[in-house]
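Each remark here refers to the structure printed beneath this line.
Where a number appears in this text, it was derived from the coordinates with a stated rule and is not lab data. In this text the structure is predicted, and so the values were computed from the model without any measurement. Cβ: placed from backbone, ideal geometry, glycine included. Neighbour counts: every protein chain shown.
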Amino acid sequence: MQFTITLDRDEDGVWITECPSIPGCVSQGRTRREALANIQEAIQLCLEVRAEKDLPLTIETQQLEIAV
């Protein structure tokens with residue numbers, strides 16, 4: 001499966017990653033590489049927990065274009 005993730009840096013320079021299609025699936029890392037590895041593990045674990053609890057694996061996400 002492929003997932004879209006977000007990457008952002010906080011005020012301390014820590015990389016924050018999130019998988020918007022899996023509620024609560026968030027991770028972080030001191031480096032971009034570490035954050036990416038951590039979110040991959042978080043996604044796997046979140047999917048396992050959601051399957052065990054008989055929840056849908058993901059929620060629907062959609063892109064929306066806004067004229068600026």
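Just need the relative contact order of the chain here, percent rounded to a whole number, with Cα pairs under 8 Å and 6+ apart. Intermediate values should be presented prior to the final figure.
Numbers: 87 pairs, mean separation 15.6, N = 68.
Reported as a whole number, the value is 23 percent.
To the nearest 20 Debye, how big is the dipole of the chain about its Cα centre, given +1 on the beta carbon of each Lys and Arg and -1 on that of each Asp and Glu?
Values: 6 positive and 12 negative charges, 37 e Å.
Once rounded to the nearest 20, the dipole reads 180 debye.
Counting other C-beta atoms within 10 Å, and keeping those with at most 13, which DSSP coil trypsin sites (Lys or Arg not before Pro) do you find in the chain? Walk me through the numbers on the way to the answer.
Working: sites: 9, 30, 32, 33, 50, 53; in loops: 30, 53.
Here the sparse-neighbourhood loop sites are 30, 53.
In µm²/s, what is D for the chain at 37 °C and 0.692 mPa s, where D = kT/(6 pi eta Rh) by Stokes-Einstein and Rh is the Kirkwood radius from Cα pairs?
On the way: Rh = 12.9 Å.
It comes out at roughly 254 µm²/s.
Which Cα, out of 57, 43, 24, lies furthest along the positive dipole direction of the chain (beta carbon charges, K/R +1, D/E -1)?
The listed residue farthest towards the positive side: 43.
Could you give each residue of the range 12-21 its phi-based ³J(HN,Hα) in whole Hz, using Karplus coefficients 6.51, -1.76, 1.60 with θ = phi - 60°, and x for Gly or Pro?
Taking θ as phi minus 60°, the curve returns 8, x, 7, 7, 10, 10, 8, 10, x, 7 Hz for the range 12-21.
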